[in-house]
1. Can you tell which of SER80, SER87, SER115, SER121 is of a type in the set (Gly, Ala, Ser) and under 24 Å from THR48 (Cβ atoms)?
2. Being surrounded by fewer than 19 Cβ atoms within 10 Å (Cβ to Cβ) and of a type outside the set (A, V, I, L, M, F, W, C) is the filter here; which residues of the stretch 64-74 pass it?
3. Could you list, in sequence order, all residues of the stretch 39-89 that are closer than 12 Å to PHE118 by Cβ and outside any helix (DSSP H, G or I)?
4. Please state which of the following conditions PHE159 fails to meet, knowing it meets all the rest: (1) over 22 Å from GLN235 (Cα atoms); (2) more than 17 Å from the chain's Cα centre (by Cα); (3) touching a residue at least 12 places away in the same chain (Cβ under 8 Å).
5. Pick from ALA296, ALA245, ALA258: which is assigned to a strand (DSSP E or B), hydrophobic (A, V, I, L, M, F, W, C) and either surrounded by fewer than 19 Cβ atoms within 10 Å (Cβ to Cβ) or touching a residue at least 60 places away in the same chain (Cβ under 8 Å) (or both)?
6. Being assigned to a helix (DSSP H, G or I) and either modelled with pLDDT of 95 or more or under 21 Å from THR154 (Cα atoms) (or both) is the requirement here; does ARG195 meet it?
Amino acid sequence: MDKAGYRGFMKYFFTILSICCALWLSSFAQADDPFTVTGIAVDATGSTPIEAQTLAIRNGQARAANILLERLTIEGERLSKGTAPVSEDNAAKMIRAMEIDNEKRSSTRYLGDISVAFNPSAMQAYINQSGLTMVSSQSRDRLVLPLSNGQLDTFSPWFQAWEKSGSQHALTPVRSLSAEQAGSLPVSSADLSARDMSALKRIGTMFNVQQILIADDLGGLVKVTDIALDSGNRQNFNVSGGPSAVISKLESDWKSAAVNVAANAVEMPVSILYQSHREWLRLKEAINGSAQIQDARLDALSKDGAVMTLTYGGDIARLRNELSFKGVSLKEDSKLGVVLSPSGRF
């Protein structure tokens, strides 16, 4: 490497170092931050240790940026516009923080795992410049129960793949169990395989979730059931591949719903009924986290009810179905008009 090249590598090395120091001196991204990509394995060789590290991390950052680009945009739009991958230089400009784990190095090789948090404004600017639609709103958390041929086996590669998936950062965030947590579940594998609602509700109470994802690996084909514990609504689908294939299906449906809202948005006045402040907060969370609802304006509020104007995608049946997954009932009343309330309450 000539002197100019070496100086360039040194400059980038200290840029990496400053990013890491910024990370250590401040909190890292929240666990469900959709602008964070985790678990990127990096490996490169070079004529010096610094060169090997620089090459590895630059490549890893670009791969993380492209994973994020796929997460936040619509595949059909990327294909129709011929969107080019994010370059190493552009990726480096959008980084907010970075964390490095499992480092190994020699005089010519560098290995490790990086997690990268990107700047939301910078990423949005890049996506806008590419002529793409960005979707960054998230659904509520799901807890995944990864079965292998109907059995919850903590030693299986399938269970361990979910532990390492980083899927808590998806637009449809999925929390995974540790082996210890899985071993303490108050239910049997037979209960899970049968999708027994009473058993699933006990798990939901343990982990404070209202959505459970059962992903049963049948040897390449994954049978998935997505269950809302508070409404009883469920959806079934099959995919081939690892956890990323399951997440990709969930995210694709979520993004399609969001894009449908933008294209066909209409306003609708609604009455919100509840019996406590806690219920009101849960209803607000469901409304604000809906892929079908683009905007929610509060017009009036009392101790047991509210009036809002929602801007949604125009398909009332689709909105009703999505809200039912979140434990919210949408009904039409002759006096109040469209009414939202906790499922089974009014």
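1. That would be SER87, the only listed residue that is of a type in the set (Gly, Ala, Ser) and under 24 Å from THR48 (Cβ atoms).
2. ASN66, GLU70
3. Result: VAL86, single match.
4. Every condition holds for PHE159 apart from (1).
5. Of ALA296, ALA245, ALA258, the one residue that is assigned to a strand (DSSP E or B), hydrophobic (A, V, I, L, M, F, W, C) and either surrounded by fewer than 19 Cβ atoms within 10 Å (Cβ to Cβ) or touching a residue at least 60 places away in the same chain (Cβ under 8 Å) (or both) is ALA296.
6. Answer is no for this residue.
Let's see how each residue does on (1) of a type in the set (Gly, Ala, Ser); (2) on the phi < 0 side of the Ramachandran plot; (3) exposed (fewer than 14 other Cβ atoms within 10 Å of the Cβ); (4) without any contact (Cβ under 8 Å) to a residue 12 or more places away in the chain:
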{"site": "GLY46", "(1), (2), (3), (4)": "yes, yes, no, no"}
{"site": "ILE50", "(1), (2), (3), (4)": "no, yes, no, no"}
{"site": "GLY76", "(1), (2), (3), (4)": "yes, yes, yes, yes"}
{"site": "ASN90", "(1), (2), (3), (4)": "no, yes, no, no"}
{"site": "MET94", "(1), (2), (3), (4)": "no, yes, no, no"}
{"site": "ILE100", "(1), (2), (3), (4)": "no, yes, no, no"}
{"site": "SER107", "(1), (2), (3), (4)": "yes, yes, yes, no"}
{"site": "LEU111", "(1), (2), (3), (4)": "no, yes, no, no"}
{"site": "ILE114", "(1), (2), (3), (4)": "no, yes, no, no"}
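The values are calculated or read from the model by the stated rules, or taken from the named source; none is laboratory data. Model, not experiment: these values are computed from the prediction. Don't worry about glycine lacking a Cβ; one is built from the backbone with ideal geometry, like all the others, and counts go over all protein chains shown.
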